[in-house]
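Take a look at the structure set out below.
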Amino acid sequence: MLIREGRPADWGRLLEIWEASVRATHSFLSEEVIAALRPEVRDAALPALELWVLGGDGGELLGFMGLDGAKLEALFIAPSSSRRGGGRMLVEHARRLKGPLTVDVNEQNPAALRFYEALGFRVCGRSPVDGAGRPFPLLHLED
């Protein structure tokens, strides 16, 4: 697996990876919420973030992360490629670039919390709603 900078030509595939990953890991989100988030991810998040993509040996995109400074705003791996070390590779790449990181995790996604804790993150706070005020509590983590 290789990591490279993301580019606008990748955005269509990254949106597909985001949606497939969310469907596989965010069982607390309804279809209506996922549909409402899709244009936010496509039109706001992908263009605004510093994107790094995870590619397979054949050049196919397997996952990505989005950074805002030292905050990890997005980390999504295609379900067919999960649990193969790609997420860890992306986090380690971000640490090399930015130093200690912060990340928010949906409280209703315990697998994500376990992933980040296994990488040395610790919970340092909690918000009862997400960044847009929706009723999805967030756990704030830091290196």
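The values are calculated or read from the model by the stated rules, or taken from the named source; none is laboratory data. Just so it is clear, the model here is predicted, and its values are computed rather than measured. As a convention, Cβ positions derive from the backbone with ideal geometry for all residues, glycine included, and neighbour counts pool all protein chains shown.
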Output the residues belonging to region 35-55 that are under 27 Å from Phe121 (Cα atoms) and either among the polar types (S, T, N, Q) or more than 15 Å from the chain's Cα centre (by Cα) (or both). Gly55
State all residues of region 130-143 that are outside any strand (DSSP E or B) and at pLDDT 95 or above; if no residue qualifies, say none. Pro137
Looking at (1) within 14 Å of the chain's Cα centre (by Cα); (2) surrounded by fewer than 17 Cβ atoms within 10 Å (Cβ to Cβ); (3) not β-branched (Val, Ile, Thr), can you tell me which one Arg84 breaks? (1)
Which residues, taken from region 7-44, are hydrophobic (A, V, I, L, M, F, W, C), over 17 Å from Gly131 (Cα atoms) and either out of contact with any Phe, Trp or Tyr (no Cβ under 8 Å at 6 or more places or on another chain) or part of a loop (DSSP other than H, G, I, E, B) (or both)? Ala9, Trp11, Leu15, Ala20, Ala24, Ala35
Does region 5-20 include one or more residues that are within 16 Å of Leu72 (Cα to Cα) and either at pLDDT below 95 or charged (D, E, K, R) (or both)? yes
Do we find a residue being among the charged types (D, E, K, R), exposed (fewer than 13 other Cβ atoms within 10 Å of the Cβ) and closer than 20 Å to Thr25 by Cβ anywhere in region 96-114? yes
Within region 66-81, residues being part of a strand (DSSP E or B) and surrounded by 15 or more Cβ atoms within 10 Å (Cβ to Cβ) number 9
